[in-house]
Amino acid sequence: MLHGNLGVGGVDDDSRGGMEGFAPRVEAALADPLLSARRVQISASLVHDRLEVAVEDDGIGFEQSDIISDSQRPHGLALVESMVSELRIEEGGRRAVATLVVPARRQAPAPLGLERVHVLVVDDNVLNRVLLETLLGNMGVGFIESVGSGEKGLAAIARKKPDLILLDVMMPGMDGFEMCRRLRRIHPLTELPVIFVTALDGPGDRAACFAAGGTDMVAKPIDGNEVMARVGVHLRLGQAMSRLRDYQDRVNNELRAARGAQMSLTPTPADLAAIRRRTGLIIDGRIETSTELGGDFWTVRDLPGRQMGLLVADFTGHGSVAAINVFRLHLLLSRVPRRALPPSGLLDILNDGLKAVLEPGQFACAFAGLFDLEAETLTYASAAAPPPVLVKDGKASYLEGAGPPLGAFADAEYENIVVSFPRGASLLAYSDALVESLTLDGELVCDEESLLNWVSGVEDGHSLAEEMLARFRERLPGEPPDDLTLVSVRRPA
């Protein structure tokens, strides 16, 4: 605009000396009083998103007929017109008004909450480090550390693990690839994100960055907006993962505490030893839950005389809801007087209590037994429980019984059945997971016939609960698909 206003030709005017003659022509024009006295006024106004810049020439104006337009290399007004949204000439050519559309200002991004975040910058170029530090500071990163080599980067990580690393690739000594490979031996990809900042941007280069253990990459020359966007994404993700880990730790601690409380509801070794001293009965119970909390429950009731009560229950579902129902059952049971109540009467009481508190669709299958060692009998009642196995005179058989599940019907009725329980007899009560679980091949782990064979194969004096659990684990290792309870009661010969 300067040389045009002075009437000096452009640098490509070969007839007037081209580039070499341009400077002398400008100096000569400035020395001319008439030309140097010309005044140019510039004003600007902003209305919404449109900026108008007006240039007024008090001299001969902007339109000159002797200027030859060049479409390949525009200059003068033609160049200006190609750069703006609109160009108009007013006042007989003395006023040129250029209009530009200005994007609306973007609001400042919301704070990321990065005051406690630690970011490590590793780059041998001090200017790059300063630029990245400035960008991170503008984002609100609380602690920024920068070093100039891969060796110093590893040392910094050993002192204090950062939340994120911005890592250059091409560095003297240990390059970024080698540094990333070494730190990945200690800090996995999910634990420490690494963003490569590199001038290498070919497909093979990007693959090399990720193969070395990089999480993301930013190409040089550094684009501040891209760096802040990618860093923000990974820091937010890291914060979310940290909150998730804290939540999981808290839930696991609470589940372990709840699991301990639930297991405390079952009889202790001291309780079982006291019953054995008084009645001679040897009791063994095992519970295997499919999750941290289960819906299975078993207990014994030490009754007057040479009597003992047994209850095995299995609530629908598993997890926290089923566990809460177990606590409800235990509370109901604690209110039952400690006397030789018939098993059907016990189930009546428990059914009434559970029907009042359980949600629709929730219920418990249960087996209640009363062992009378003076009469050498076992009286039992069933609430839709799988049939227990009785071993007597060396023969294993099922104890049949029928009755609705606990908590399902308000008018449920249960029947007492009496069988002999002489010396040498054993009983195995269990939850349905024993006979309904499937192997990885889709076959039953233990069907009804197999269970009788398993029980018959147990040597005298061995625990049926322990032996059945061992057989079950052989067929299906790991956690069972449903809560599994096994309780055996043996009367020595």
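Before moving on, here are some points about what is shown:
- Residue check for M179: in a loop (DSSP other than H, G, I, E, B), in the same structural domain as G150 (by TED's automatic domain parsing) and touching a residue at least 12 places away in the same chain (Cβ under 8 Å): no
- Restricting segment 449-474 to residues that are among the charged types (D, E, K, R) and at pLDDT below 90, the residue that is farthest from the chain's Cα centre (by Cα): D460
- Residues being farther than 27 Å from A433 by Cβ, in contact with a Leu (Cβ under 6 Å, 6 or more places away or on another chain) and assigned by TED's automatic domain parsing to the domain that holds P480 are represented in segment 274-281 by at least one member.
- The combined condition, being touching a Lys or Arg at 6+ places or on another chain (Cβ under 9 Å), crowded, with 17+ Cβ neighbours inside 10 Å, more than 24 Å from P221 (Cα to Cα) and at pLDDT 85 or above, is not fulfilled by A156.
- Top-ranked residue in segment 410-457 [being in contact (Cβ under 8 Å) with a residue 40 or more places away in the chain, aliphatic (A, V, I, L, M) and part of a loop (DSSP other than H, G, I, E, B); ranked as surrounded by the most Cβ atoms within 10 Å (Cβ to Cβ)]: A425
- Of all residues in segment 173-195 being on the phi < 0 side of the Ramachandran plot and in contact with a Ser or Thr (Cβ under 8 Å, 6 or more places away or on another chain), the one that is surrounded by the fewest Cβ atoms within 10 Å (Cβ to Cβ): L189
- Index of the failed condition, S382 passing every other in (1) assigned to a strand (DSSP E or B); (2) under 21 Å from L265 (Cβ atoms); (3) of a type in the set (G, A, S); (4) free of Cβ contacts under 8 Å to residues at least 60 places away in the same chain: (2)
- Within segment 211-232, the set of residues being in a helix (DSSP H, G or I) and over 14 Å from L135 (Cβ atoms) comprises A211 only.
- Residues being in contact (Cβ under 8 Å) with a residue 24 or more places away in the chain, polar (S, T, N, Q) and closer than 18 Å to I324 by Cα - total across segment 262-296: 5
- Set side by side, the residues G309, G294, G317 differ, and just one is over 32 Å from the mean Cα position of the chain (by Cα) and among the small types (G, A, S), which is G309.
- Given (1) under 14 Å from L311 (Cβ atoms); (2) modelled with pLDDT of 95 or more, number of the condition L428 does not satisfy: (1)
- Odd one out for E90 among (1) at pLDDT 90 or above; (2) over 20 Å from H234 (Cα atoms): (1)
- Just one of the listed residues (A240, A208) is closer than 18 Å to H118 by Cα and assigned to a helix (DSSP H, G or I), and it is A240.
The values are calculated or read from the model by the stated rules, or taken from the named source; none is laboratory data. The shown structure was predicted, so the numbers you read here are calculated from the model rather than taken from an experiment. When we count neighbours, we look across all protein chains shown, and the Cβ atoms used for this are built from the backbone with ideal geometry, even at glycine.
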